[in-house]
Amino acid sequence: MQKMMHLGSLSHGVGAHVAGWRLPGAETHKERLSVVVHAVKTAERGKFDLVFFADAVNTGADAAPSFVVRFEPLTLLGALSALTDRIGLVATVSTTYSEPYNVARALASLDHLSQGRVGWNVVTGSSPDAAANFSRDKHPPHDERYAQAEEYLQVAKGLWDSWEDGAVVADKNSGVYIDPGKMHELNHSGRFFKVKGPLNASRPPQGYPVIFQAGASDRGMEFAGATAEVVFATQSFVEDALEFSRKLRDQAEAAGRPRDALRILLGVSPIIGDTEEEAHAIIARLGEMVDPVTSMRVLSDRIGTDLGQFDLDGPLPDLPPSTMMQGHARVLQAIAKRRNMTIRQLRDYAAVSSGHRVVVGTPVQVADDLEHWFRSGACDGFAIMAPYMPQPFEDFVDKVVPILQDRGLFRKEYAGTTLRDHLGLDRPAHPAAV
């Protein structure tokens, strides 16, 4: 049976391009539930595995429209669980600026509400600006954030396991509501957290919500290899993606996991036209709308250095390793070097999709590109980032997905009901049953 690719939609509400919202017919208000529901139902109509909501706990007036305001993702997933049937729903939650009991409870509740369709993108938080919103003087160092994330995830899983499967008996004849023998206190006491338990929510339908991760630093890849089930990544060259995949699977193996325990999804922003000329015309129109200040903020955030201090028409200087979004920084630095880009050119490139790979062409050309990357072994699928909404994403679903389906590369119908079913991931057994 031919292996099939996985598809997710990375939803930004108004699209990934910093100026896409300015085009005629493009959505402008991302805090309207109807806008988000339309996008998610379009993905579900296309039989996507999941829709994914990025998040941060800080903002500013110079932030890109994709990021400046947005729904809190756990709240949003509660609404979407009632308005969708099969598609997976993935929320981003920081382990640096939240507490494991509250988050474990919310995710367990959402997994019950959605009947097993929830995933958690575990992030440590890349922006130092967030600290000031949580009564803290400074952002924790990179390695400390990952140490906290490891313990946080351990606590969350322990809380989900504080009830065994079948612990809620609800036997009317005997009057027994729960089996106390299947309830366990966690009694965790660690470096960062002290949590007694048990959780006041029964074990989620999926055992645990599917664990996502997107860190690409050496420490982030170690964490992902040990704990993640799906990894989002930014790669612009097949050979680099193959090396990234090898390193990540090496980390999984070093942690005692099978090499195929991970699903790697690469971010892609498709620009689709009925002809190649039409697709390039869309890129040109988007370029005409770009605000250089916002674009430079996006690039500087990804690189981890304020690039406004350098000559726009000069090369990207050698910079110290970023302490923020290290994966994005490495990829963008590689693109600038290999393509001999100036800072201005790199700024305009990053404006399209925040540094993720851009594919321009007809539906067949886009499908050919995705097939090539998938068959090369560079990834298990893609996180699709439309430059603006709704038309480009509808074009992908209506014009590219059918080509992938006809080639036997993507499902025509959902075979299962949970996110784990879609991704081909086993349900974790309760420790008491092992």
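The values are calculated or read from the model by the stated rules, or taken from the named source; none is laboratory data. Everything numeric in this text was worked out from a predicted model, so none of it was measured. Note that each Cβ is placed from the backbone with ideal geometry, even for glycine, and that neighbours are counted across all protein chains shown.
A few comments on the model shown:
- Only residues that are farther than 23 Å from residue 260 by Cβ and either touching a Gly at 6+ places or on another chain (Cβ under 7 Å) or not charged (D, E, K, R) (or both) were counted in the range 394-429, giving 7.
- The range 415-434: number of residues that are modelled with pLDDT under 95 and either surrounded by 15 or more Cβ atoms within 10 Å (Cβ to Cβ) or in a helix (DSSP H, G or I) (or both): 2
- Within the range 309-323, if we keep just the residues that are modelled with pLDDT under 85 and more than 20 Å from residue 339 (Cα to Cα), the residue that is surrounded by the most Cβ atoms within 10 Å (Cβ to Cβ) turns out to be 322.
- Residue in the range 177-199 that is aromatic (Phe, Trp, Tyr) and part of a helix (DSSP H, G or I) present: no
- Test: residue in the range 206-216 that is of a type in the set (Phe, Trp, Tyr), over 30 Å from residue 7 (Cβ atoms) and not in a strand (DSSP E or B): no
- Flag if residue 222 is at pLDDT 95 or above, touching a helix residue (DSSP H, G or I) at 6+ places or on another chain (Cβ under 6 Å) and either part of a helix (DSSP H, G or I) or farther than 16 Å from residue 92 by Cβ (or both): yes
- Of all residues in the range 246-294, exactly one satisfies the criterion of being outside any helix (DSSP H, G or I), aliphatic (A, V, I, L, M) and either loosely packed, with under 14 Cβ neighbours inside 10 Å or touching a Lys or Arg at 6+ places or on another chain (Cβ under 6 Å) (or both), namely 268.
- Restricting attention to the range 158-169, the residues being on the phi < 0 side of the Ramachandran plot and either buried (at least 18 other Cβ atoms within 10 Å of the Cβ) or touching a helix residue (DSSP H, G or I) at 6+ places or on another chain (Cβ under 7 Å) (or both) number 8.
- Residues that are in a loop (DSSP other than H, G, I, E, B), small (Gly, Ala, Ser), touching a residue at least 24 places away in the same chain (Cβ under 8 Å) and buried (at least 19 other Cβ atoms within 10 Å of the Cβ) do occur in the range 124-147.
- Members of the range 230-245 found to be surrounded by fewer than 23 Cβ atoms within 10 Å (Cβ to Cβ) and under 11 Å from residue 264 (Cβ atoms), listed by number: 241, 242, 245
- Residues (in a helix (DSSP H, G or I), over 14 Å from residue 10 (Cβ atoms) and among the β-branched types (Val, Ile, Thr)) located in the range 338-355: 343
- Only one of the numbered conditions (1) in contact (Cβ under 8 Å) with a residue 60 or more places away in the chain; (2) buried (at least 19 other Cβ atoms within 10 Å of the Cβ); (3) not in a helix (DSSP H, G or I) is violated by residue 115, and that is (2).
- Sub-6 Å Cβ pairs linking a first residue in the range 346-368 that is under 15 Å from residue 292 (Cα atoms) to a second residue that is part of a strand (DSSP E or B) and β-branched (Val, Ile, Thr), at least 6 apart or interchain, are 352/358, ordered by first then second residue.
- Residue-level check: of (1) closer than 30 Å to residue 159 by Cα; (2) surrounded by 15 or more Cβ atoms within 10 Å (Cβ to Cβ), residue 349 misses just (1).
- Checking each residue in the range 375-396 for being in a helix (DSSP H, G or I) and closer than 25 Å to residue 110 by Cβ picks out only 393.
- Residue that is among the basic types (Lys, Arg), out of contact with any helix residue (DSSP H, G or I) (no Cβ under 9 Å at 6 or more places or on another chain) and over 27 Å from residue 58 (Cα atoms), where the choices are 194, 172: 172
- Positions within the range 57-81 being among the hydroxyl-bearing types (Ser, Thr, Tyr), part of a helix (DSSP H, G or I) and buried (at least 16 other Cβ atoms within 10 Å of the Cβ), in sequence order: 81
Residues are listed down the side, and each one gets a yes or a no for (1) over 16 Å from residue 224 (Cα atoms); (2) touching a Cys at 6+ places or on another chain (Cβ under 7 Å); (3) of a type in the set (A, V, I, L, M):
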position	(1), (2), (3)
90	yes, no, yes
100	yes, no, no
108	yes, no, yes
112	yes, no, no
117	yes, no, no
125	no, no, no
131	yes, no, yes
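- Of all residues in the range 356-374 being part of a helix (DSSP H, G or I) and within 22 Å of the chain's Cα centre (by Cα), the one that is nearest to residue 23 (Cα to Cα): 366
- Complete set of residues in the range 36-54 that are more than 23 Å from residue 411 (Cα to Cα) and either without any contact (Cβ under 8 Å) to a residue 60 or more places away in the chain or not in a loop (DSSP other than H, G, I, E, B) (or both): 36
- Under the condition of being free of Cβ contacts under 8 Å to residues at least 40 places away in the same chain, over 20 Å from residue 200 (Cα atoms) and assigned to a helix (DSSP H, G or I), the residues counted in the range 82-110 number 1.
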